[in-house]
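The values are calculated or read from the model by the stated rules, or taken from the named source; none is laboratory data. What you see is a predicted model; the values in this text were computed from it and never measured. Glycine also receives a Cβ, built like all others from the backbone with ideal geometry; neighbour counts cover every protein chain displayed. Accessible surface is based on the protein model in full, side chains and every heavy atom, while ligands, DNA and RNA are left aside. Shrake-Rupley method; radii C 1.70, N 1.55, O 1.52, S 1.80 Å.
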Amino acid sequence: MNRRQFQQALVAGGTAALLPGVASSAAPAPRGRAEACIFLWLGGGMCHLDTFDPKRRGDPLLRKPGSAYAAIPTAIDGIKVCEHLPRTAAILDRGVILRSVHHDMPDEHARPTNLFKTGRPTSDTIVYPSIGSIVSHERGPAAEGVPPYVVIGYPNVTRGPGFLGARYGYLYLTDTEAGPTGLHPPSDVGAARQTRRRVLLDDLRNRQREQHEG
């Protein structure tokens, strides 16, 4: 684009904004109906090739790249996932798989992590807010006295409020057994239900430990 083209585009845009009905005819931005957002970050977790983005079967002995497991059909026509996700496959039409996410930062974890959690590449001058801080900024607390953004894990800049400021930062839970005073489970989560959840969590952890040891 040369200077003349730039000026023409600038004038056209300014004129359109002044014309009656042009600005008001724009459809309002859609807003979701979700009341909460759970962002589960599995750092060092399962590879996409062996979960939601399977490729042809590979063979380590023949040095043939590909997935380690077979793929199975899902509730979405033409979409397959790993054979070890049969329950997920059955209800996958309730979710969305993003297979277009990529970056050009090979052999480096920190910058892609920042890109994924903030939607922006690392900048030398600007610290961008994380998705949690953005939700906090847009939604605010669900009720008085309830923190809008809670982090369970380790804090770092990719989870912070960035230029939004500390007002939209997170409450950091260091004790996940009890938590700060004032945070209580919902009324429908009694002791028996909480115990079942802990038993399930312990079972998952034991299975993961057995797989690593095996």
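It is to be established whether one or more residues within the stretch 150-171 are in contact (Cβ under 8 Å) with a residue 40 or more places away in the chain, within 15 Å of the chain's Cα centre (by Cα), within 19 Å of Gly44 (Cα to Cα) and surrounded by 15 or more Cβ atoms within 10 Å (Cβ to Cβ). Scanning the stretch 150-171, I find at least one residue that is in contact (Cβ under 8 Å) with a residue 40 or more places away in the chain, within 15 Å of the chain's Cα centre (by Cα), within 19 Å of Gly44 (Cα to Cα) and surrounded by 15 or more Cβ atoms within 10 Å (Cβ to Cβ), so the answer is yes. Could you grab me the full set of residues in the stretch 134-148 that are among the aliphatic types (A, V, I, L, M), free of Cβ contacts under 8 Å to residues at least 12 places away in the same chain and surrounded by 11 or more Cβ atoms within 10 Å (Cβ to Cβ)? The one that is among the aliphatic types (A, V, I, L, M), free of Cβ contacts under 8 Å to residues at least 12 places away in the same chain and surrounded by 11 or more Cβ atoms within 10 Å (Cβ to Cβ): Val146.
Ala192 falls short on exactly one of the conditions (1) more than 30 Å from Ala110 (Cβ to Cβ); (2) at pLDDT below 85, and that condition is (2). Screening Asp104 against (1) over 24 Å from Gln208 (Cβ atoms); (2) at pLDDT 85 or above; (3) out of contact with any Phe, Trp or Tyr (no Cβ under 7 Å at 6 or more places or on another chain); (4) not aliphatic (A, V, I, L, M) leaves a single unmet condition, (2). For the stretch 104-116, the tally of residues that are open to solvent by 90 Å² or more (accessible area, probe 1.4 Å) and more than 21 Å from Ala36 (Cβ to Cβ) stands at 5.
So which of Ile126, Ile76, Ile91, Ile97 ends up being touching a residue at least 24 places away in the same chain (Cβ under 8 Å), open to solvent by 50 Å² or more (accessible area, probe 1.4 Å) and closer than 28 Å to Ala34 by Cα?
Working: Ile126 fails: closer than 28 Å to Ala34 by Cα; Ile76 fails: touching a residue at least 24 places away in the same chain (Cβ under 8 Å); Ile91 fails: touching a residue at least 24 places away in the same chain (Cβ under 8 Å).
From the options Ile126, Ile76, Ile91, Ile97, the qualifying one is Ile97.
The numbered conditions (1) on the phi < 0 side of the Ramachandran plot; (2) surrounded by 12 or more Cβ atoms within 10 Å (Cβ to Cβ) are all true for Gly119 except (1).
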